[in-house]
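The values are calculated or read from the model by the stated rules, or taken from the named source; none is laboratory data. This is a predicted model, so every value here is computed, not measured. For neighbour counting, all protein chains shown are included, and Cβ atoms are generated from backbone atoms with ideal geometry for every residue, glycine included.
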Amino acid sequence: MRLAAVLLLAGVLVTAIAGFLHPEGADPNDHSTVFAIYAASQSWTAVHLGQFIGMVIISFGLVALFFALDVRSGAGVWLNRFALLSAGAAMALYGVLQAVDGVGLKQAVSAWASAENGDKAARFSAAETVRWLEWAVRSYHSFVFGLALILFGAVIAVTGRLSRPIGYLMALCGLSYLAQGWIIGKSGFSSANQIPTLGGIGLILVWTVWLLIAALRMQPVGLPETTSDATT
């Protein structure tokens, strides 16, 4: 459980730091402006690799959580298994997402920025197509990652292996990711996504920190809870 907690919090922090370094400065749906910012970025590849590494660490943490919960009977068994499968699918989708965003989009916007005037319109259309593909993959990643968090939260709530409020917060965090997936799928990176995005970030920080505290306070298996020097 401690391994799971450390990996999850570490992955969240790595992803957050990489996201903080992501080039910003314009409405993400204003493609002509934001593409110019992306094309000029020198840190684009490193930032997206950092985000990918962060999500890999989070996925390893969820795998460790699956084994730490060690559910062997009841509905929790299947909830735990489906949660693990969802986490694996989310990791695969995130790999595709970062390939599209971190590599494909960067190449497309750089080609547009350096194109001759007669070729710019075609290059811009190609870059927009890659951007829309990014929306699609990010939308479905958010759905599946949100489902994984909801299922793991349900396992904790049903089994009581950890403090149940941690499970409730995980599930609520998962719902925020579902909302993000729906909004991105409909309108891309619009301002409507701000509240669920901030909610997801805040909730995932809270429950990962809480999980780490709970794991550190757990009594190691096989050791007595207390010792006494009293003699009779």
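Scanning region 45-81 for residues that are hydroxyl-bearing (Ser, Thr, Tyr) and assigned to a helix (DSSP H, G or I) yields THR45, SER59. Among the residues in region 28-39, are any in a helix (DSSP H, G or I) and touching a Gly at 6+ places or on another chain (Cβ under 6 Å)? Scanning region 28-39 turns up at least one residue that is in a helix (DSSP H, G or I) and touching a Gly at 6+ places or on another chain (Cβ under 6 Å). TYR140 meets all of the listed conditions (1) surrounded by fewer than 17 Cβ atoms within 10 Å (Cβ to Cβ); (2) part of a helix (DSSP H, G or I) but one, namely (1).
In region 151-205, of all residues being among the aromatic types (Phe, Trp, Tyr) and touching a residue at least 24 places away in the same chain (Cβ under 8 Å), the one that is surrounded by the fewest Cβ atoms within 10 Å (Cβ to Cβ) corresponds to TRP182. The set of residues from region 67-126 being surrounded by fewer than 16 Cβ atoms within 10 Å (Cβ to Cβ) and of a type in the set (Ser, Thr, Tyr) comprises SER73, SER114, SER125. Comparison of GLY146, GLY76 shows that the only residue that is within 25 Å of ALA64 (Cβ to Cβ), in contact (Cβ under 8 Å) with a residue 40 or more places away in the chain and not aliphatic (A, V, I, L, M) is GLY76. Among residues of region 86-115 that are over 15 Å from SER139 (Cα atoms), those with a Cβ under 6 angstrom from a residue that is of a type in the set (Lys, Arg), sequence gap 6+ or separate chain, pair up as ALA111/ARG123; TRP112/ARG123; ALA115/ARG123.
For LEU149, the requirement of being closer than 16 Å to GLY61 by Cα, part of a helix (DSSP H, G or I) and at pLDDT 95 or above is met. Applying the condition of being of a type in the set (Phe, Trp, Tyr) and within 27 Å of SER187 (Cα to Cα) to region 1-60 and asking which residue is nearest to the chain's Cα centre (by Cα) yields PHE52.
Of everything in region 196-221, what is aromatic (Phe, Trp, Tyr) and closer than 24 Å to TRP182 by Cα? Give them in sequence order.
First, the residues of region 196-221 that are aromatic (Phe, Trp, Tyr): 207, 210.
TRP207 - this is the single residue of region 196-221 that is aromatic (Phe, Trp, Tyr) and closer than 24 Å to TRP182 by Cα.
Looking at ALA90, ALA157, just one residue is assigned to a helix (DSSP H, G or I), touching a helix residue (DSSP H, G or I) at 6+ places or on another chain (Cβ under 7 Å) and over 21 Å from ILE183 (Cα atoms), and that residue is ALA157.
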